[in-house]
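Structure record follows, encoded as structure tokens.
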Amino acid sequence: MDIDDVNTITVLGAGSMGHGIAEVAALAGFDVRLRDIERAFVEDGYEQIEWSLDKLVEQGQLEPDDASTTLDRVSTHVDLEDAVDDAEVVIEAVPEKMAIKKDVYQDLEAVAPEDAVFATNTSSLSITELSSVTDRPERFCGMHFFNPPVRMDLVEVISGAETTEATAALISDLAVAMDKTPVRVRKDSPGFIVNRVLVPLMNEAAWLVHTDEATIAEVDSTAKYGLGLPMGAFELADQVGIDVGYHVLDYMHEALGDRYRPCPLLESKVEADALGQKTGEGFYDYEDGEGAQVP
Ligand code: 3HC
């Protein structure tokens, strides 16, 4: 299969990454089937796409007519078979847990078209291990987007042990078709490239606060005004989802050793379900839309 054969893309998981990936796929002209396990989740994802497209119109980056055509390309699904029956590519963006993803792939393998290519938006997990539960490890590839997908240019393309060159090339071409810049990751190692750099930064920021060496405001200010990053480490953790960063770290800790031990401050936020923007509170409070620091 090559990129000209791809018309329909199914995105599994309508959370912060899933709906964003569905949006960029629809903006690129693909028919998109957005699927989650509950109607409320998938409707929420659809509304987020609507919100984002409206923002793009407001910012003058998209014509109102193009926003509504884009939205028309997205259908919402709960039934898995229904969501994948005419897909050439399935992009999976379900929670960052090996066991959850493997369950999804087992169910998917049973209903997906035989020649469909599977791409996982995992942030860190082994592509080889995930692909091993399917009958198509050669047509299985990592396709890692960044949050928010509609604004972030990079996509990591990661081959597993059995991914063919044709599959990796197709996924790279798909990223280009979505107006992204693909970077081929040579090694299927935990965290790939970006998260090996980024997640320790978030963790170290959390340790500084946990050990009372700095405040959240101090750490975020230095990142923005000293390091020139677009957001502070805590602001970014809130945007990405504190649980996402925590699960990536936990996996890297298990696979690579103690230097990636997650800070208890991150763990306590996950336990309290204060996960950042998506739950209304993380390191900052978003209930009033302001993003004020949590006392
Ligand atoms: N769609 C449309 N508009 C959006 C949006 C979206 N998804 N998300 C934010 N916006 C809007 C905001 O609401 C705001 O609108 P407003 O001005 O009306 O309030 C506006 O965009 C902000 O845009 P600006 O032009 O003022 O801001 P910037 O140009 O500075 O860009 C940014 C925003 C691109 C998000 C920038 O802050 C940035 O690059 N942040 C870092 C993001 C990052 O590093 N992401 C990677 C995370 S790691 C990851 O995802 C990997 C995972 O595996 C952990």
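The values are calculated or read from the model by the stated rules, or taken from the named source; none is laboratory data. None of these values were measured; they are calculated from a predicted model. Please note: Cβ atoms are built from the backbone with ideal geometry, for glycine as well, and neighbour counts cover all protein chains shown.
Scan region 192-210 for residues that are within 15 Å of the ligand (Cβ to nearest atom) and without any contact (Cβ under 8 Å) to a residue 40 or more places away in the chain and report the count.
Applying the first criterion (within 15 Å of the ligand (Cβ to nearest atom)) to region 192-210 yields 192-203, 205-206.
Adding the requirement that they be without any contact (Cβ under 8 Å) to a residue 40 or more places away in the chain leaves 193, 197-198, 201, 205.
Total meeting the criteria: 5.
Inside region 21-61, can you point out the residues that are among the β-branched types (Val, Ile, Thr) and touching a helix residue (DSSP H, G or I) at 6+ places or on another chain (Cβ under 6 Å)? Reasoning before the result, please.
Step one: list which residues in region 21-61 are among the β-branched types (Val, Ile, Thr), which gives 21, 24, 32, 37, 42, 49, 57.
Val32, Ile49, Val57 - these are the residues of region 21-61 that are among the β-branched types (Val, Ile, Thr) and touching a helix residue (DSSP H, G or I) at 6+ places or on another chain (Cβ under 6 Å).
Please find, within region 219-274, the residue that is surrounded by the fewest Cβ atoms within 10 Å (Cβ to Cβ) out of those that are away from the ligand (no atom under 12 Å from the Cβ) and among the basic types (Lys, Arg).
Restricting to residues being away from the ligand (no atom under 12 Å from the Cβ) and among the basic types (Lys, Arg), the top hit is Arg259.
Checking the conditions here, which among Glu267, Glu281 is free of Cβ contacts under 8 Å to residues at least 24 places away in the same chain and either over 30 Å from Glu129 (Cα atoms) or in contact with a helix residue (DSSP H, G or I) (Cβ under 6 Å, 6 or more places away or on another chain) (or both)?
Values: Glu267 fails: either over 30 Å from Glu129 (Cα atoms) or in contact with a helix residue (DSSP H, G or I) (Cβ under 6 Å, 6 or more places away or on another chain) (or both).
Every option except Glu281 fails the conditions.
Applying the selection to region 33-50, what residues are touching a residue at least 24 places away in the same chain (Cβ under 8 Å) and away from the ligand (no atom under 16 Å from the Cβ)?
Of region 33-50, the ones touching a residue at least 24 places away in the same chain (Cβ under 8 Å) are 33-39, 41-46, 48-49.
Within region 33-50, Arg33, Arg35, Asp36, Ile37, Glu38, Arg39, Phe41, Val42, Glu43 meet the criteria.
Can you find, within region 65-78, the residue that is nearest to the ligand (Cβ to nearest atom) among those that are closer than 21 Å to Ala119 by Cβ and not β-branched (Val, Ile, Thr)?
Arg73
Among the residues of region 211-260, which ones are in contact (Cβ under 8 Å) with a residue 12 or more places away in the chain and in a loop (DSSP other than H, G, I, E, B)? Explain how you work it out, then say what you get.
Step one: of region 211-260, the residues in contact (Cβ under 8 Å) with a residue 12 or more places away in the chain are 216-217, 219-220, 223, 232-252, 255-256, 259-260.
Gly232, Gly241, listed by residue number.
Hey, among Leu53, Leu62, which residue is assigned to a loop (DSSP other than H, G, I, E, B), within 12 Å of the ligand (Cβ to nearest atom) and outside the structural domain of Tyr246 (by TED's automatic domain parsing)?
Working: Leu53 fails: assigned to a loop (DSSP other than H, G, I, E, B).
Of the residues listed, the single one that is assigned to a loop (DSSP other than H, G, I, E, B), within 12 Å of the ligand (Cβ to nearest atom) and outside the structural domain of Tyr246 (by TED's automatic domain parsing) is Leu62.
Could you say which residue among Thr76, Thr120, Thr70 is surrounded by 13 or more Cβ atoms within 10 Å (Cβ to Cβ), in the same structural domain as Leu12 (by TED's automatic domain parsing) and touching a Cys at 6+ places or on another chain (Cβ under 8 Å)? Give the steps one after another, and end with the answer.
On the way: Thr76 fails: touching a Cys at 6+ places or on another chain (Cβ under 8 Å); Thr70 fails: touching a Cys at 6+ places or on another chain (Cβ under 8 Å).
Answer to the selection: Thr120.
From the list Ala223, Ala233, Ala214, Ala205, pick out the single residue that is farther than 17 Å from Glu96 by Cβ, modelled with pLDDT under 95 and touching a helix residue (DSSP H, G or I) at 6+ places or on another chain (Cβ under 6 Å).
Numbers: Ala233 fails: modelled with pLDDT under 95; Ala214 fails: modelled with pLDDT under 95; Ala205 fails: modelled with pLDDT under 95.
Selected residue: Ala223, the only one of Ala223, Ala233, Ala214, Ala205 that is farther than 17 Å from Glu96 by Cβ, modelled with pLDDT under 95 and touching a helix residue (DSSP H, G or I) at 6+ places or on another chain (Cβ under 6 Å).
Find the residue count for region 5-27, including only residues that are within 21 Å of Glu96 (Cβ to Cβ), surrounded by fewer than 23 Cβ atoms within 10 Å (Cβ to Cβ) and over 15 Å from the mean Cα position of the chain (by Cα).
Just the residues of region 5-27 that are within 21 Å of Glu96 (Cβ to Cβ), to begin with: 9-25.
Narrowing the set further to residues that are surrounded by fewer than 23 Cβ atoms within 10 Å (Cβ to Cβ) leaves 15-16.
Checking the rest, the ones that are also over 15 Å from the mean Cα position of the chain (by Cα) come to none.
Qualifying residue count, region 5-27: 0.
Hey, any hits in region 141-159 for a residue that's outside the structural domain of Met252 (by TED's automatic domain parsing), crowded, with 16+ Cβ neighbours inside 10 Å and over 15 Å from the mean Cα position of the chain (by Cα)?
Taking region 141-159 and keeping what is outside the structural domain of Met252 (by TED's automatic domain parsing), we get 141-159.
Still in the list and also crowded, with 16+ Cβ neighbours inside 10 Å: 141-150, 155-159.
Adding the requirement that they be over 15 Å from the mean Cα position of the chain (by Cα) leaves 159.
Yes - at least one qualifying residue is present in region 141-159.
Considering region 82-116 alone, what residues qualify as being under 18 Å from the mean Cα position of the chain (by Cα), away from the ligand (no atom under 16 Å from the Cβ) and touching a residue at least 24 places away in the same chain (Cβ under 8 Å)?
Val89, Val90, Lys102, Val104, Tyr105
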